[in-house]
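The values are calculated or read from the model by the stated rules, or taken from the named source; none is laboratory data. Because the structure is predicted, anything quoted here is derived from the model rather than measured. Using ideal geometry, Cβ is built from the backbone for each residue, glycine included, and neighbour counts are taken over all protein chains shown.
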């Protein structure tokens, strides 16, 4: 059964997801940051070696585990809760990359459902910026968009494209969708 309290915002890298989530958080909504980026930043700070470029399987296993922890911890947050990416796309990317998917990964995804509607940010070249953590050129980053969205469709979710508008208007769009029963 889907959890009508938990909403995923996903899509292309550099398409404004984190900006949208930050704006929702600034309005007082509960927000869960992107797990993979948080993990990379933690590893850099502590001198760790759990990165996608050093051991992709171990990194993705940890990303799934942390997404599960984030989901469970979010039960205590006031709804609605907005997630920057979520478990289904982790599994979709693991399949795409030919990584081992453990039965526990599949079980975790099935037991931890989000709202039926997943909000999707399409590739947006006008706002895409390379930085310390986003190193890929736009076309490479955009290639991950289709597999990301497909992972949610395969898991039984509906998708709703967030229009390319200023952040305040994207926030209003998402909130209107929630009011309409998304």
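Please enumerate the residues belonging to the stretch 21-65 that are part of a loop (DSSP other than H, G, I, E, B), within 21 Å of residue 120 (Cβ to Cβ) and without any contact (Cβ under 8 Å) to a residue 60 or more places away in the chain. The answer is 29, 33, 34. Within the bounds of the stretch 95-111, is there any residue that is in contact with a helix residue (DSSP H, G or I) (Cβ under 9 Å, 6 or more places away or on another chain), modelled with pLDDT under 90 and more than 30 Å from residue 55 (Cα to Cα)? No, there is no match, as no residue in the stretch 95-111 is in contact with a helix residue (DSSP H, G or I) (Cβ under 9 Å, 6 or more places away or on another chain), modelled with pLDDT under 90 and more than 30 Å from residue 55 (Cα to Cα). Give me the pairs: first residue in the stretch 128-150 and more than 21 Å from residue 41 (Cα to Cα), second residue surrounded by 12 or more Cβ atoms within 10 Å (Cβ to Cβ) and modelled with pLDDT under 75, beta-carbon distance under 7 Å, and six or more apart or on different chains, which are they? Close Cβ pairs (under 7 Å, with a partner that is surrounded by 12 or more Cβ atoms within 10 Å (Cβ to Cβ) and modelled with pLDDT under 75) amount to 138/125; 138/128. Just one of the listed residues (146, 169, 179, 89) is within 15 Å of the chain's Cα centre (by Cα) and more than 22 Å from residue 66 (Cβ to Cβ), namely 146. Of the residues in the stretch 78-92, none is farther than 20 Å from residue 2 by Cβ, in contact with a helix residue (DSSP H, G or I) (Cβ under 7 Å, 6 or more places away or on another chain) and assigned to a helix (DSSP H, G or I). Which count do you get for residues in the stretch 23-56 that are loosely packed, with under 14 Cβ neighbours inside 10 Å and modelled with pLDDT of 95 or more? The qualifying residues number 3. Taking the stretch 141-173 as the range and being touching a helix residue (DSSP H, G or I) at 6+ places or on another chain (Cβ under 7 Å), crowded, with 18+ Cβ neighbours inside 10 Å and in a helix (DSSP H, G or I) as the test, the residues that pass are 148, 151, 152, 170, 171. Just one of the numbered conditions (1) surrounded by fewer than 16 Cβ atoms within 10 Å (Cβ to Cβ); (2) touching a residue at least 24 places away in the same chain (Cβ under 8 Å); (3) not in a loop (DSSP other than H, G, I, E, B) is not true of residue 68: (1). Each residue in the stretch 117-140 was checked for being modelled with pLDDT under 95 and touching a helix residue (DSSP H, G or I) at 6+ places or on another chain (Cβ under 8 Å), and 7 of them qualify.
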